[in-house]
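Comments concern the structure below.
What follows draws every value from the coordinates through simple rules; no lab data is involved. Every value quoted in this text rests on a predicted model; they were computed, and no experiment measured them. Note that each Cβ is placed from the backbone with ideal geometry, even for glycine, and that neighbours are counted across all protein chains shown.
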């Protein structure tokens, strides 16, 4: 519980922290729909693109251990360990005024 509450004093007495080197895959978004991947073994990347309502088109590619991959617009890529989007943006422009009062009834 000390970890969730971020109580450093309790963490010192109640928790044993073990640090291990991460050996799993790593992905870095480079921009322009490109991802740099470092994976420990060859994997299959499945790129899924919604074509029209109700249908999805899939492409498969074998990935080497280090690769730069470009995901087409509107698509996503998935391996055994990763899910990659075409773009990676942290932007939110929604405000409370955007919701009509009927949608806010359940919010206290």
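Data for the structure
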| quantity | calculated |
| --- | --- |
| Likely footprinting exposure, 66, 20, fewest C-beta neighbours within 10 Å first | 20, 66 |
| Cβ crowding within 10 Å averaged over residues, with 76-86, 28-38 ranked highest first | 76-86, 28-38 |
| Reference-scaled alpha-carbon Rg (2.2 N^0.38 Å with N residues) for region 23-86 | 1.10 |
| Inter-label distance for residue 46 and residue 9, nm, one decimal - labels placed 7 Å from Cα along Cα-to-Cβ | 5.2 |
